[in-house]
Amino acid sequence: MTLSTSIRNLYSLSNQLRSAQRSLFKTQMYSCVIPYPMTFLSVENLKVFYQTQGKQVHAVDDVSFSLENGESIAIAGESACGKSTLGLTIMRALQGNAIVSGEILFDDKSILKISEEEFTKTLRWKEISMIFQGSMNSLDPVFTIKQQFDEILKKHGYKGNHQKAILEAVSVVGLPISVLEKFPHELSGGMKQRVVISMALLLKPKLVIADEPTTALDVLVQAQIMSLIKRLKKEGIAVMLISHDLGIISEISEKVGIMYAGKIVEFGNLSDIYKNPKHPYTDALLKSVPKLKDGSDLVSLKGNPPDLVNPPEGCRFYDRCAHAMEKCKKEPPKIKTPSGYVLCWLYE
Ligand SMILES: Nc1ncnc2c1ncn2[C@@H]1O[C@H](COP(=O)(O)OP(=O)(O)OP(=O)(O)O)[C@@H](O)[C@H]1O
Ligand code: SF4
Ligand SMILES: [Mg+2]
């Protein structure tokens, strides 16, 4: 056997092993079998700049993180820090004025490098889907919900039984079948949000990116939507939850990425970040979440994030940070933490 044949065989064997492990994971038997974790999603040095009126908006600037099989992530941060841009990049749904560099690997496939045709054929909606920010308000008013489901299946060349797939997706999110004959304006906000979630689940993806799925819903409906998202996770679907609300994300994800002005300034396990935040911005965000029982004062963060057209050199949180030092005017180092990293000079 030649060396190249051996390498090919080894490669094929490792792929078979990964695929067998994934099937086992889906049947929830993995804990006793998988000997080592496997990377499911890896984002490396991702940059997304928007070209607009002769300027570049540095919306996502050198972002890296990875998820193992079975993990979900929440991305949190203030408005305009680049959360949606990050989600849209993984979904390959950016507008034409975006310039993207870096690497995104999903199940070993390079999302940014494969052709548009292959991405649509193999990944979009089938493996990765997205509940777009505000999408419940963009349901087409002139078609019934069933017609809109049908359209998605047709667009993606779904070969199975359309009726069965639609009924299944609707029942997963707890909607009555009668909803299918209705027009969007006949549904409440909570029902519309369930419709868009079930649309994202229609082709049984492995990863669902949920961009602010509870915004503009009342607290009771928010709780229902969050328990629905938790159920999806139990069924083996990984969720990337994008939210500015740290209270909401605390219920869902194993990993958290705190975004500030285009950067993930802290990444790690949810419990580590909540119990022992390292980055001053994470700390400030957590202190701004109201807690019913503890009675401590809420702390509001003064000032505004920097302009992403001309972000300052060095730490982007400098102007608002109580611990800022002279050396913070230089690019902060990436310091390893027990479950991730923090970008801050305090730990150098
Ligand atoms: N198509 C675009 N062209 C130019 N700039 C854009 C475009 N889309 C987003 N931006 C800018 O990129 C930055 C990041 O936007 P993004 O929507 O990713 O933020 P976000 O964190 O999701 O905000 P929010 O919490 O308000 O939804 C913002 O400054 C925004 O104005
Ligand atoms: S690098 Fe400096 S300015 Fe930035 S968050 Fe850390 S201490 Fe604050
Ligand atoms: Mg957004």
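The values are calculated or read from the model by the stated rules, or taken from the named source; none is laboratory data. All figures in this text were calculated on a predicted structure; none of them were measured in a lab. As a convention, Cβ positions derive from the backbone with ideal geometry for all residues, glycine included, and neighbour counts pool all protein chains shown.
Tabulated data for the structure shown
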{"item": "Conditions (1) out of contact with any helix residue (DSSP H, G or I) (no Cβ under 9 Å at 6 or more places or on another chain); (2) part of a helix (DSSP H, G or I); (3) away from ligand 1 (no atom under 16 Å from the Cβ); number of the one not met by Gly247", "result": "(3)"}
{"item": "Condition met for Ser101 (of a type in the set (Ser, Thr, Tyr), touching a strand residue (DSSP E or B) at 6+ places or on another chain (Cβ under 7 Å), surrounded by fewer than 18 Cβ atoms within 10 Å (Cβ to Cβ) and in the same structural domain as Val289 (by TED's automatic domain parsing))", "result": "yes"}
{"item": "Some residue of region 26-39 being within 22 Å of Ser135 (Cβ to Cβ), of a type in the set (Ser, Thr, Tyr) and either part of a helix (DSSP H, G or I) or modelled with pLDDT of 95 or more (or both)", "result": "no"}
{"item": "Test: residue in region 201-214 that is within 19 Å of the chain's Cα centre (by Cα), assigned to a helix (DSSP H, G or I) and either within 16 Å of ligand 2 (Cβ to nearest atom) or not aliphatic (A, V, I, L, M) (or both)", "result": "no"}
{"item": "Selection count where residues are touching a residue at least 12 places away in the same chain (Cβ under 8 Å), more than 10 Å from ligand 3 (Cβ to nearest atom) and among the small types (Gly, Ala, Ser), scope region 70-97", "result": "5"}
{"item": "Qualifying positions in region 329-344 - surrounded by 17 or more Cβ atoms within 10 Å (Cβ to Cβ) and more than 12 Å from Val265 (Cβ to Cβ)", "result": "none"}
{"item": "Asp61, sole failed condition from (1) within 16 Å of ligand 2 (Cβ to nearest atom); (2) closer than 20 Å to Pro213 by Cβ", "result": "(2)"}
{"item": "Test set (1) at pLDDT 95 or above; (2) over 28 Å from the mean Cα position of the chain (by Cα); (3) in a loop (DSSP other than H, G, I, E, B) - Cys328 fails condition number", "result": "(3)"}
{"item": "Any helices (runs of 4 or more DSSP H) falling wholly within region 71-183 and containing at least 3 residues that are away from ligand 1 (no atom under 16 Å from the Cβ) and small (Gly, Ala, Ser)", "result": "162-172"}
{"item": "Count of residues meeting criterion [surrounded by fewer than 20 Cβ atoms within 10 Å (Cβ to Cβ) and not in a loop (DSSP other than H, G, I, E, B)] in region 229-242", "result": "4"}
{"item": "Exclusive hit being more than 26 Å from Ile225 (Cβ to Cβ), buried (at least 16 other Cβ atoms within 10 Å of the Cβ) and in the same structural domain as Ala210 (by TED's automatic domain parsing), set Val43, Val63", "result": "Val63"}
